[in-house]
1. What nm distance separates the two modelled labels at Asn115 and Glu199, each placed 7 Å from Cα along Cα→Cβ?
2. Add -39500 (n - 2.57) for each DSSP H run of 4 or more in the chain, then divide by its residues: what number comes out at 222 nm, to the nearest 500 deg cm²/dmol?
3. What nm distance separates the two modelled labels at Lys353 and Lys288, each placed 7 Å from Cα along Cα→Cβ?
4. How far is it, in nm, from the label point at Ser56 to the one at Ala334 when both lie 7 Å from their Cα along the line to the Cβ?
5. Before anything else, pin down the relative contact order of the chain: Cα pairs under 8 Å, at least 6 apart, normalised by residue count, whole percent.
6. Let me know the Rg and Dmax you get for the stretch 311-367 when you use only its Cα atoms, in Å.
7. Which value in Å is the Kirkwood Rh of the chain over different Cα pairs?
8. Measure of size requested: the Rg and Dmax of the stretch 205-359, with Cα atoms as the atom set and Å as the unit; please supply both.
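Every number here is computed from the coordinates shown, using simple stated rules; none is lab data. Note that the structure is predicted; figures quoted are calculated from it, not measured. Here the Cβ positions follow ideal geometry from the backbone for every residue, glycine too, while neighbour counts run over all protein chains shown.
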Amino acid sequence: MRKLFIAAFLFVSSFTTNSIADIKMGIILGFTGPIESLTPAMAASAELAFKEASDSGSLLGGESIKVERADSTCVDSAAATTAAEGLISGGVAAIMGADCSGVTGAIASNVAVPNGVVMISPSATSPGLTTLDDNGYFFRTAPSDARGGQILADITKDRKVKSVAITYTNNDYGKGLADVYEAAVKAHGIKVTTVTAHEDGKADYSSEVATLASAGGDAVAVIGYLDQGGKGIIQASLDSGAFDTFVLSDGMIGQSLVDAFGKDLKKSFGSMPGSTGKGAGVFAKVAKAGGIDSSGPYTGESYDAAALIVLAMQAGNSADRASIAKNVMDVANAPGTKIYPGELKKGLDLLAKGKKIDYEGATGVTFTSVGEAEGSFLEQEIKGGKFKTKKQR
């Protein structure tokens with residue numbers, strides 16, 4: 001009887017230890033708020049990478065990952081900071097996120113960096129984050145708007161727009177991108193008729209559109225969010241007949257916008273980070289097999305952010321927070337064997353043998369010296385009721 005008791009105790013003890021041994025990972029995105037139609041696919045893409053690593057049996061000798069989600073709201077820094085504090089106090093090893101630039105900066109500065117927790121954002125693009133005092137704990141798989149604004153201006157020029165009014169959501173993302181875009185279109189000889197901010201959360205944007213319309217322009221550049229004020233600007237523009245051509249920032253690219261306005265967007269265009277390279281094609285297949293629509297913004301970047309976290313853990317042979325931070329750059333950049341989506345087991349096994357890898361991922365990951373993606377962009381237009389990629393920029 002005593003032997004049976006000891007055996008039973010050891011079994012339960014072993015089971016409990018294995019359960020506790022799960023490595024906790026945080027995902028913090030705006031599941032509510034102005035981009036809530038985009039975040040489910042972003043979160044699912046990150047979870048796909050975490051699951052792939054867990055199921056491989058190769059992560060730190062067979063460890064598994066438990067994902068915990070939190071809501072950044074995209075716009076409420078206080079709520080986002082509280083949500084992140086909950087993740088960190090709960091013991092997450094790292095955070096995939098956040099999403100919008102303002103809340104990302106707030107979480108990094110107030111919570112993640114002081115606690116030595118790596119954050120890899122798939123979508124925070126404000127140029128201000130480039131100089132964030134992060135002690136090596138903040139990374140982003142999305143490129144800065146310092147380049148994104150230039151690309152959007154190049155597309156505007158190529159589309160023969162001669163004059164443009166600009167409206168931006170009144171936050172770090174909107175202001176930063178608007179400043180870059182304005183300077184870049186002026187350098188192309190395009191007339192900027194006005195630059196005005198708009199606030200999210202309003203029921204009616206007719207007064208904002210009246211201001212834009214009085215200034216005139218061949219088009220209005222809407223630098224904002226597709227589920228909030230940006231959508232309202234387009235609605236009021238179409239209702240009044242003020243504009244029928246919209247230049248769309250990455251925060252405006254998403255199927256919900258086309259579903260809302262259909263053929264009324266046929267003259268409109270925009271850009272978003274992305275790639276048409278080998279990794280993008282591989283990721284599309286991997287995501288489809290996982291039941292994920294990878295066509296929306298920042299899905300590939302989300303997968304890549306999660307993949308970099310698990311690969312950095314393996315490179316340091318530890319889920320220790322400081323070890324993850326130390327190894328992100330090593331697995332992201334050359335030299336080493338190139339690793340694509342669906343090949344995380346291959347990458348984990350090579351790292352376990354002390355080999356170098358160069359994670360290409362879905363988006364052709366290459367980090368600058370400050371840990372942000374050099375990145376490429378996709379010119380977007382509306383065809384057949386969907387956003388379609390015209391070409392890579």
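1. Going from the Asn115 label point to the Glu199 one covers 3.2 nm.
2. Working: 13 runs with 167 residues, N = 393.
The per-residue figure over the chain is -13500 deg cm²/dmol.
3. It is 3.2 nm.
4. 2.2
5. Numbers: 898 pairs, mean separation 69.0, N = 393.
Worked out over the chain, it gives 18 percent.
6. 10.3, 27
7. On the way: mean 1/r = 0.0465 Å⁻¹.
Every distinct Cα pair counted, the radius reaches 21.5 Å.
8. According to the Cα coordinates of the stretch 205-359, Rg and Dmax are 21.3, 65 Å.
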